[in-house]
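Derivation of every value follows stated rules applied to the coordinates shown; laboratory data play no part. Predicted, not measured: the structure shown is a model, and the values here were computed from it. Positions of Cβ are backbone-derived with ideal geometry, glycine not excepted, and every protein chain shown enters the neighbour counts.
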Amino acid sequence: MAGLELLSDQGYRLDGRKATELRKVQARMGVFSQADGSAYIEQGNTKALAVVYGPHEVRGSRSRTLHDRAVINCQYSMATFSTAERKRRPHGDRKSAEMSLHLKQTFEAAVMTQLYPRSQIDIYVKILQSDGGNYSVCVNAATLAVIDAGIPMRDYVCACTVGFVDETPLADLCYAEEGGGGSSLALALLPRGGQIALLQMDAMTACKGVSKVLDEVVRQHLQDVSVLTRE
Amino acid sequence: MPTDNKRVRRPEVSQSPSVFACRPAAVLPAAGPRADGRRRDQVDVRPVFVRCGLVSQAKGSAYIEAGNSKLMCCVYGPRETDRKDETDMKCGRLITDMRFAPFSCPERGSWIQGSEEKDLSLMLQESLRPAVCLHRYPRSQVEVNVMVLENSGSVLSHAITCASLALADAGIEMYDLVLGCSIRQDGASYMVDPTYLEENGCSSGSEDNQGRLTVAFLPSLNQISGLQSDGEMAEETLTAGVRTCIEGCYKLYPVIQQALAKATRKAAPPPSES
Amino acid sequence: MATVQVSEAEKVYILHGIRDDLRVDGRSCEDYRHMEIETDVVSNTDGSAKVTLGHTVVLVGIKAEIGKPRPMVPDEGYLEFFVDCSANATPEFEGRGGEELGTELSNTLYKVFNNKRSLDMKSLCISPGEHCWLLYVDVLLLQCDGNLYDAISIAVKAALFNTKIPRVHISADDEGGKEIELSDDPYDCVRINVENVPCIVTLCKVGHRHVVDATLQEKACSVASLIISVTHKGTVTCVRKVGGGSLDPESIFEMTEAGKRVGKALHAPLMKLLQQEESLGKKRQKVGFLG
């Protein structure tokens, strides 16, 4: 690996984390009032915003309607100022189309779409600041937004990226580590059943870490809501 | 950005020789008569030549020439809307499209509609919209296409006038004609119906009150249907400018009326007495 | 923009309220809704700001890049505006749906800044005819609840205030060519003078009166509105009528006067707030979207 030493001899990474340590996760649900569900998440310096609209009638061509379940429609976009070098277009390029497709596949596996036949659920994710692990942060944000919208899911979907340095897995890569060579893998997981929604990798422990944090956030939010409703 | 492969494009980077010419930057003289002999601070619009119905295939058309600015406008419709999902059951749609011919400006333009043209199209739409009885054309659309053949200043205001004339020529029901007029404020003085140089040249005098203003006006209803300005002006100057523009529109009114009456008479000659 | 359906009875209610200078949410005709401003929210940018006005949320990020000056004005830098109407605001903006509104908004921003006083473009020049700073002002609409223009202009002003352009030194190399050196110290940067940057005030004509900062319901009752961009001195840099209706000349004059008054009053508290936030420096608790 040229240039950067991703893991020091003492076992610390570039930003001082240990190999399996996650970045600081902060999240908030119900950021916006107009959308049916919304959530904001920060994982280190990667910041994402997810908004859910629906379930509602299928927009556009009727031929997309599915008679036994809901259509999941995802759009992934990045703010033009989110990366170090300015992006010319927020969406519509190949990478974001691929990302949108991955998100769609992930959430088709997790959302109980059969409860809403002939309808559509829109999940829009926006990266406000990108510092590695965009896919996993998006999935985590979208999960919170779907929960905020009150759409039943089989389980939380938690995602995490993993990279390897000489057989040592590094959890939750930042941008410098992603670009530092070596393999990195993203994994979306339904933690309760241990089912994998997108990709398999032996990084379960890290993913459980994320799920724990997500779980806490959801619980906390639920607690807040219950406190509010009681008053 | 879609590129048009069918046309021969210029090299990626090329510039008009005028950029390199060692000419003094176009500076407007601060006083005295204007380059074309018109007076400053007077509602002195350029003489206009207007004619209706020159494109036989369009439902209505008009051509306007003011000084060297030449524009033509075609109106198509009312016809079924293109976008079925946006069909409005109560009200028709007015679609405007304004373009510069590539050779119309000192520097060659592109065939593809740029953001300036999109902006002008929007302004045109917003200026014409209040005058057209769109509720008479439910579920249909009326298309207005304006092509600027030669840009010699005040294109938007003449486009508005030309388009309203073409709409009237097409027999689209309207509350009133829409007339456009623009001014260029240069310090304490102003120039009505500025030419291209007057519009874009920089001032020699003070930096206060430098601006451009375009007004679209419905003369018999006394309503302003479009207003746009840029540059920097004091509020009082702006208000005075709007008043001047309205005056300019009134000067244009009889000419446009005559042209329309002439076209109508030609299309449907009065029954000969026999 | 969540589409609002306003019934005839509701319209009459709103109209009568505005006639008596009392709006549905208790404001008078020239009041703004609650506004929140936070600068320096995206660390990947050179300057950023988030503005919340009612339920409208706008995020502006500014990136400075080195480019070539335009041949017509070789000694000036320039601004590039881009407004991204993201699908987050409404599903209608998905794909290319938001482009039309985006161009409309960015074209207006170009007009607002199309004068010599708003920003000192000469200060953005590095070496005449060769290099200049170009500022990419990217606006991101996250939620629309009426009055986009005002929220965007305030966010742009706040973000410009927050912008830190790295200082550059030009040194001649051996062959007589020029070389640009970026300062090593990240804190060695140039700020932009935003004193003359205008703010947009949108006045919505409802009935015989006009209101500032209209909500979507109020906007549905109005046929036309006037946007006016006003500097702190009260000069007007851009006026534009938007909407499908027409306006009486007299009411336009009234509206410009009101716009000037409201806009002028907007600048002082805004600047005070920005300076206050700036003076806190590192001590400031960053809220962002977590608050």
> For B:Q15 and C:L15, what is the calculated FRET efficiency with R₀ set at 56 Å and r taken between the beta-carbons, to the nearest 0.05?
Replying inline: 0.50
> Per residue and in cubic angstrom, what volume does the convex hull of the Cα atoms of chain B have?
Replying inline: 175 Å³
> Over segment A:3-45, what per residue volume does the convex hull of the Cα atoms give, in whole Å³?
Replying inline: 85 Å³
> Most exposed first by the Cβ proxy, i.e. fewest other Cβ within 10 Å, how do A:H91, C:H210, C:H16 rank?
Replying inline: C:H16, A:H91, C:H210
>> With only alpha-carbon pairs counted, each pair once and no self-pairs, how large is the Kirkwood hydrodynamic radius of the protein assembly as shown in angstroms?
In response: 29.1 Å
> Using the Kirkwood formula over every pair of different C-alpha atoms, what hydrodynamic radius in Å results for segment A:72-122?
Replying inline: 12.3 Å
>> Given an 8 Å cut-off on Cα distances and at least 6 residues of separation, report the relative contact order of chain C as a percent.
In response: 19 percent
>> Given the -39500 (n - 2.57) contribution per DSSP H run of 4+ residues, what per-residue ellipticity at 222 nm results for chain B, rounded to the nearest 500 deg cm²/dmol?
In response: -8500 deg cm²/dmol
>> Suppose only helical runs count, i.e. DSSP H with n ≥ 4. What mean residue ellipticity at 222 nm does that imply for chain C under -39500 (n - 2.57) per run, divided by all residues and rounded to the nearest 500 deg cm²/dmol?
In response: -9000 deg cm²/dmol
>> Explain nothing, just compute: Karplus ³J(HN,Hα) = 6.51 cos²θ - 1.76 cosθ + 1.60, θ = phi - 60°, for every residue of segment C:208-214 in order, whole Hz, x for Gly and Pro.
In response: 9, 10, 10, 10, 9, 6, 6
> Size of the dipole of chain C about the Cα centre, Lys and Arg at +1 and Asp and Glu at -1 on the beta carbon, nothing else charged, in debye to 20?
Replying inline: 860 debye
>> If I take the Cα coordinates of segment C:162-281 and project them onto the principal axes, what are the three extents in Å, biggest first?
In response: 70, 37, 26
> Which residues' amide hydrogens lie under 5 Å from the amide hydrogen of B:Y190, considering only partners 5 or more residues apart or on another chain, with H built in the peptide plane?
Replying inline: B:D41
> Can you tell me the Rg and Dmax of segment C:1-86, counting just the alpha carbons, in angstroms?
Replying inline: 20.4, 59
> Across peptide C:63-72, how many C-beta atoms of other chains are within 10 Å of each residue C-beta, on average?
Replying inline: 2
> Say the dipole of the protein assembly as shown comes from +1 at the beta carbon of Lys and Arg and -1 at that of Asp and Glu; which of A:V139, B:A166, A:T20 then lies farthest toward its positive end?
Replying inline: B:A166
> More than 21 Å apart: what percent of Cα pairs in segment B:161-233 qualify?
Replying inline: 38 percent
> Arranged from highest to lowest average of other beta-carbon atoms within 10 Å per residue, in what order do the peptides C:94-107, B:36-49, C:55-68 appear?
Replying inline: C:55-68, C:94-107, B:36-49
> Based on Cβ point charges of +1 for Lys and Arg and -1 for Asp and Glu, what charge dipole magnitude is obtained for segment B:35-263 about its Cα centre, in debye rounded to the nearest 20?
Replying inline: 980 debye
> If you line up the long axis of helix C:249-280 against the longest principal axis of chain C, both from Cα atoms, how many degrees apart are they, to the nearest 10?
Replying inline: 50 degrees
>> Whole-Hz ³J(HN,Hα) for each residue in segment C:38-50, computed from phi via Karplus 6.51 cos²θ - 1.76 cosθ + 1.60 with θ = phi - 60°, x for glycine and proline: what do you get?
In response: 9, 9, 6, 9, 10, 7, 6, 9, 7, x, 8, 8, 10
> Just how large is the dipole of the protein assembly as shown about the Cα centre, in debye to the nearest 20, putting +1 at every Lys and Arg Cβ and -1 at every Asp and Glu Cβ?
Replying inline: 1740 debye
>> Over 28 Å between Cα atoms: which of A:K87/C:K122; B:K59/B:K90; C:K205/C:K233; B:K90/B:K251; A:K87/C:K164 fall into that group?
In response: B:K90/B:K251
> If you add up the charges near B:G187, with Lys and Arg at +1 and Asp and Glu at -1, over every other residue whose beta carbon is less than 10 angstrom from its beta carbon, what do you get?
Replying inline: -3
> For segment B:108-252, what Kirkwood radius comes out of the mean inverse Cα-Cα distance, in Å?
Replying inline: 16.0 Å
> Quick one: what Rg and Dmax do you get for segment C:8-280 from the alpha carbons, in Å?
Replying inline: 20.4, 79
> Can you name the helices of chain B, as whole DSSP H runs, whose Cα span along the helix axis is 27 Å or more and whose Kyte-Doolittle mean is not below -1.0?
Replying inline: B:235-267
